[in-house]
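Heads up, the thing below is written out as structure tokens.
The values are calculated or read from the model by the stated rules, or taken from the named source; none is laboratory data. Quick caveat, the model's predicted, so the values are computed rather than measured. Here Cβ is always computed from backbone atoms with ideal geometry, including for glycine, and neighbour counts include all displayed protein chains. In case anyone asks, the SASA skips ligands and DNA or RNA and just uses the protein heavy atoms, side chains included. Shrake-Rupley method; radii C 1.70, N 1.55, O 1.52, S 1.80 Å.
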Amino acid sequence: MIDTDLTEGPISGHFRRLAIPAAVGMLFSTLYNVVDTFYAGYFGTQAQAGLTIGFQAFFILVAIGFGLSSAMSALVGNAKGRKDAADARHLAAQGIGLGVMATLVMVAIGVFAGPKLIAVVSEPGGYRDAGLGYFSWLIFALPGFIMGPTANGILQARGDTRSLQRAMVVAFFVNVGLNPLLMFGIPGVIGGMGFNGIALATIISQSGVAIYILWQVFGRSMMQDLKWSEFAPVPAKYAEIIAQAFPSAFALLVTFSSGFIIQFALKDHGEAALAAYGIAMRVEQLFLLPALGIAISLVPIAAQNFGAGQSERVREAFHRCWMLGVTGTLLAFPFLWFGGALAARVFSDDAEVIRVTALFLKVEAVILPLYVVLFAINSLLQALRNAVWTMWLGIYRQWIGMALFIWLFAYVFDGGMTGVRLGIAAAVGTGLLLGIWVGVRVARTQIGGLGKPPFMAKG
């Protein structure tokens, strides 16, 4: 399998080669979640609300997988930029070993802490029971959700985003077939599991994704001389990976856990509000996909060029990333603003769920471009090995800002659900301002500043 050298050739061409497969892979990942929400609708609003709170608790546990993915993409990418194949291989082996340890720890935490998290954001009743049942099954999907992203970070560092794309396309269609089969069974042959069949379908399909991605990693040319001894934990390497992975994982943990702040504020408004929030998030993800694909691609492009000492190419990549992403989200504005109710009807026929979903999507239509610039800044910070700032930015935006502004608008000003939506927007807006300030300061010390986009300067 051929690796891609991102330190040569047009930056725009690298974005096309990396971002399109990444966006397609994420499209099918999002559609995967949309399918789960759709099938949960067969069991009513309580099941959809249970899916929302159960999945939120689960994703807190898999944040470490995405942190390791970011670390592998940046560190292995830097090593490739330096043309140090031995260090890249050793980092990959150490990252995989660390991923196995992290999986075991997260399974233990999930067993004991998951139900308590769900209890905090829900009221006793049918939707809490649905969320607890769904979560207890989903714990068995943790190996796939942690090892898959960890291995994929290694592939991204080598310029490969197509492997995950292929895996997610297959996983989507497997999930489409398994969901109804496991939920309803085959009459007269095998009984169905009901709502929890959705979780088992996820376990099977995501485990398959992880196995395929790991197989692709071990097929890379850089791994051909790999020795078992390279998997033995090396404290210095573990420290290097954790220093990069922990801030990214914690930032994502903060992002996921912020959903609990929103769900806590919404629980007084009933299960319809919680179901609407879950639906709105899945619809929003569909329209963020192109920007997310571009932001994901920025990490290996910037990391390789940073490792090679080509600061101008790093700056160019950053500017292309946020400009392309913002353009895409602006094009999505009319669909989210005017088509929210139509999108909600795909998942629910509950009039209140449809109404609240449409209102949530109007807010998302406005703040989507802000998310894109934040994603670009976070990717740049990861590539420059300053991921710790992504953690602090996340803490402000997703915890401090979210809690403060929701409390202010929803409770102090008695804005109800409107206050919750305004609080989300205010947290994102002020978080972006802080992110720009941090990005400029880090870039000034690492690559001589951000400056004017080089591709614009060339005319």
Out of everything in region 323-372 that is more than 21 Å from GLY419 (Cβ to Cβ) and among the acidic types (Asp, Glu), what residue ends up being surrounded by the fewest Cβ atoms within 10 Å (Cβ to Cβ)? ASP349
Breaking point among (1) over 20 Å from the mean Cα position of the chain (by Cα); (2) within 15 Å of PHE173 (Cα to Cα); (3) among the small types (Gly, Ala, Ser), for SER29: (1)
Just give me the residues in region 380-392 being open to solvent by 10 Å² or more (accessible area, probe 1.4 Å) and assigned to a helix (DSSP H, G or I), in sequence order. GLN382, VAL388, TRP389, MET391, TRP392
Looking at (1) among the hydroxyl-bearing types (Ser, Thr, Tyr); (2) closer than 18 Å to LEU68 by Cα; (3) in contact (Cβ under 8 Å) with a residue 60 or more places away in the chain; (4) buried (at least 20 other Cβ atoms within 10 Å of the Cβ), can you tell me which one SER163 breaks? (3)
Any idea which residue in region 91-112 is nearest to PHE231 (Cα to Cα), counting only those that are modelled with pLDDT under 90 and open to solvent by 10 Å² or more (accessible area, probe 1.4 Å)? VAL111
All positions within region 62-90 that are open to solvent by 10 Å² or more (accessible area, probe 1.4 Å), more than 10 Å from GLY307 (Cβ to Cβ) and in contact (Cβ under 8 Å) with a residue 60 or more places away in the chain: ILE64, PHE66, SER69, SER70, ALA85, ARG89, HIS90
Answer yes or no as to whether ALA93 is in a helix (DSSP H, G or I), over 17 Å from the mean Cα position of the chain (by Cα) and assigned by the TED database to the domain that holds PRO149. yes
Conditions: (1) outside any loop (DSSP other than H, G, I, E, B); (2) closer than 27 Å to THR150 by Cα; (3) open to solvent by 30 Å² or more (accessible area, probe 1.4 Å). PRO300 meets all but one. Number of the miss? (3)
Does ALA151 satisfy the condition of being surrounded by fewer than 24 Cβ atoms within 10 Å (Cβ to Cβ), assigned by the TED database to the domain that holds ALA22 and either in contact with a helix residue (DSSP H, G or I) (Cβ under 8 Å, 6 or more places away or on another chain) or not in a helix (DSSP H, G or I) (or both)? no
